[in-house]
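Below is one structure, written out as structure tokens; the observations come after it.
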Amino acid sequence: MEPELHPDLKPLEFLLGEWEGAGVGGYPTIDSFRFGQEISFTHIGKPYLIYSSRTWLLDEEGGLAGPLAVETGYWRPRPDHEVEVTLAHPTGIVEIYVGNVAFSRVELRTDVVARTTSAKEVTGGHRLYGLIGEDLGWAYDMAAVGQPLQSHLSAQLKRVK
Ligand code: HEM
């Protein structure tokens, strides 16, 4: 049975569905790369979105060249267009973001980045998600391994469901 959308999810409704596309990544300490990505936003009738992302390295011809990062979490709309997001990574990192949503655009900044002892030193993040026409665009800046906040990833995805 298709659950009814919780009214609090209205401002985030544009994210719902499955998205596929490609992006570019880099950082001062690594070689730049291209990646493919699948993002899924679902709901169960409660006031949060269930989020997951998978990525793959793309080779020169745009073929899949092996798995890269995965991440999963929950997007929690709050009053006054605020949004809280929890994200867990298999790299020993957990991020808590806070931000806001307006006009099909979500801007998030890390409130907390927690790391296991073996995780890389990630200290902050900034994410933008928004519709570009009918596509979903997103960009991620991070402060990590002694470098100030700057771009790590950006991608553009098409809705496939
Ligand atoms: C979601 C898609 C992501 C993709 C496709 C991606 C891809 C990559 C790749 C290919 C590298 C270089 C090779 C390596 O060290 O594994 C890298 C490095 C790195 N990424 Fe990501 N990444 C993603 C998300 C993240 C996130 C969310 C964080 C932080 C929470 C992050 C933090 C880092 C760090 C700290 C490095 C190492 C930098 C260094 O050691 O110099 N990445 N990433």
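Checking the structure you have, find out if any residue of segment 102-124 is among the small types (G, A, S) and under 26 Å from K161 (Cβ atoms). Looking through segment 102-124, at least one residue is among the small types (G, A, S) and under 26 Å from K161 (Cβ atoms). Counting residues in segment 122-129 that are within 23 Å of K158 (Cβ to Cβ), of a type outside the set (S, T, Y) and part of a strand (DSSP E or B) gives one or more. Under the condition of being surrounded by fewer than 16 Cβ atoms within 10 Å (Cβ to Cβ) and touching a residue at least 60 places away in the same chain (Cβ under 8 Å), the residues counted in segment 121-158 number 8. Scanning segment 42-99 for residues that are assigned to a strand (DSSP E or B) and either of a type outside the set (G, A, S) or over 14 Å from the mean Cα position of the chain (by Cα) (or both) yields a total of 34. Tally the residues that are closer than 22 Å to E95 by Cα and either within 15 Å of the ligand (Cβ to nearest atom) or modelled with pLDDT under 95 (or both), restricting the search to segment 46-74. Number of matching residues: 13. Residues that are closer than 24 Å to S151 by Cα, over 13 Å from the mean Cα position of the chain (by Cα) and surrounded by fewer than 19 Cβ atoms within 10 Å (Cβ to Cβ): does segment 9-19 have at least one? No - not one qualifying residue is present in segment 9-19. A single entry from H81, H43 fulfils the requirement of being more than 8 Å from the ligand (Cβ to nearest atom), of a type outside the set (A, V, I, L, M, F, W, C), under 17 Å from K161 (Cα atoms) and in contact with a Pro (Cβ under 7 Å, 6 or more places away or on another chain): H43.
Okay, residues lined up against (1) under 23 Å from P67 (Cα atoms); (2) away from the ligand (no atom under 15 Å from the Cβ):
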{"position": "T91", "(1), (2)": "yes, no"}
{"position": "G99", "(1), (2)": "no, yes"}
{"position": "F103", "(1), (2)": "no, yes"}
{"position": "V106", "(1), (2)": "no, yes"}
{"position": "R109", "(1), (2)": "no, no"}
{"position": "V112", "(1), (2)": "no, no"}
{"position": "Y129", "(1), (2)": "yes, no"}
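The values are calculated or read from the model by the stated rules, or taken from the named source; none is laboratory data. Predicted model only: the values in this text are computed from it and were never measured. As a convention, Cβ positions derive from the backbone with ideal geometry for all residues, glycine included, and neighbour counts pool all protein chains shown.
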